[in-house]
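Laboratory data are not the source of any read-out in this text; all were calculated from the coordinates shown. Everything quoted here is computed from the prediction, not taken from an experiment. Cβ: placed from backbone, ideal geometry, glycine included. Neighbour counts: every protein chain shown.
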Amino acid sequence: MSSVTVRVPAKVNVQLSVGPLREDGYHDLVNVFHAVSIFDRVEAKESDAITVAVEGKWADQVPVDDGNLAIRAARALAKHAGRSYGADLVIHKEIPVAGGMAGGSADAAGALVACNELWGLGLPFEDLMEIAGDLGSDVPFSLLGGTAVGTGRGEELSELPTGGTFHWVFAPAEGGLPTPSVYAECDRLRKESDAEVPWPELNERLIEALSTGDAYALGSYLSNDLQDAALALRPELATTLDAGRQHGALGAIVSGSGPTCAFLAIDATHARDLAASLTATGAATSAMAAHGPVPGATLA
Ligand code: C5P
């Protein structure tokens with residue numbers, strides 16, 4: 001096989017509860033991930049070395065050096081297999097970069113699945129999940145897709161049933177937010193307020209809303225403990241969230257560590273109208289309608 005292409009979805013967190021800061025610099029989470037239909041494609045072509053190139057919407061914002069998570073994923077897989085394999089990776093980017101939608105994690109997951117196939121390794125899914133967990137907290141979910149709750153630092157996953165399709169609008173903001181800065185701001189705000197940080201708990205009513213496919217209930221239970229920190233760093237996002245609510249969004253939150261704003265719509269038509277209104281009124285520079293849940297990294 002000389003070339004393999006994998007399609008990988010973005011995610012939104014429908015519940016992101018952040019526990020106290022741990023000694024290892026991470027936070028224990030209850031993180032309900034939901035994969036949505038904005039996809040990066042990762043192509044792996046036969047080569048002597050591991051390289052990466054990026055094409056598409058946000059290409060100029062993606063590092064192509066050792067900071068690229070897809071390169072690190074391919075290297076980790078080769079190391080696991082105990083051989084010095086090569087692959088030219090080409091990432092076709094649709095997921096906002098540093099946008100709180102796991103775009104880098106998606107590319108890492110895509111590289112794992114693509115190189116596993118290209119190199120004929122035939123490693124089972126569980127092995128890929130283990131390598132994924134070492135690469136980053138969100139990479140295992142990018143492999144798994146669907147809807148799932150992540151505990152620990154987010155990498156210990158259990159799948160959650162959903163009773164239908166949910167319709168979303170995503171408004172990416174200019175310039176990303178580095179995830180570590182948002183967690184650091186969250187810690188700073190908590191220190192300032194001196195309030196006790198509760199142990200994160202799964203919201204059972206949100207789980208019920210997911211399983212029954214009740215978009216109205218899901219909209220009312222959306223929560224993100226990183227939102228105050230993201231808004232402190234980017235106050236203008238509050239205006240975008242308000243505009244979405246005014247246009248009938250059932251729920252409006254910052255996606256993960258932001259700065260992308262996520263809006264839950266009533267149905268596909270409402271999502272299209274909401275996206276159009278957000279851009280027409282200038283509340284967002286761009287807006288994408290999408291649906292979830294969708295599968296994780298899949299051979300295209
Ligand atoms: O695991 P990953 O490399 O994606 O995490 C990026 C950063 O996000 C970490 O360095 C840490 O600052 C923060 N983080 C955290 N607690 C988590 C997950 C991520 O503090 N559970």
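Points worth noting:
- Counting lysine pairs in the chain whose alpha carbons fall under 25 angstrom apart, excluding pairs fewer than 8 residues apart on the same chain, gives 6.
- Highest-MSF residue in the chain out of S17, S142, S181 [GNM, Cα springs under 10 Å]: S181
- Working note: 222 nm ellipticity from helices only, DSSP H runs with n ≥ 4, each -39,500 (n - 2.57), summed and divided by the residues of the chain, gives -10500 deg cm²/dmol to the nearest 500.
- Protection-proxy order for peptides 31-39, 55-63, each taking the mean of Cβ atoms within 10 Å per residue, highest first: 31-39, 55-63
- In this simple spin-label approximation, D88 and S181 carry label points 7 Å from Cα along the Cα→Cβ vector, and these lie 3.4 nm apart.
- Taking only the Cα atoms of the chain, the ratio Rg/Rh comes out at 0.97, with Rh defined as the Kirkwood radius.
- Global geometry of segment 166-292, whether rounded, prolate or oblate, following the gyration tensor of its Cα atoms and the 1.5 cut on a/c: oblate
- Percent RCO, i.e. relative contact order, over segment 1-63, from Cα pairs under 8 Å lying at least 6 residues apart: 38
- Distance in nm between pseudo-label sites at E174 and D65 (7 Å out along the Cβ direction from Cα): 2.6
- Cα gyration tensor category, rounded, prolate or oblate, for segment 46-165 with a/c compared to 1.5: oblate
- Whether segment 1-47 is rounded, prolate or oblate, judged on the alpha carbon gyration tensor where a/c under 1.5 counts as rounded: oblate
- Averaging the sequence gap over all C-alpha pairs within less than 8 Å and six or more residues apart, then dividing by the number of residues, gives the chain a relative contact order of 26 percent.
- Relative contact order (percent, whole number), segment 166-292, Cα cutoff 8 Å, 6+ residue spacing: 41
- By other beta-carbon atoms within 10 Å, ranking S105, S137 with the fewest at the front produces S137, S105.
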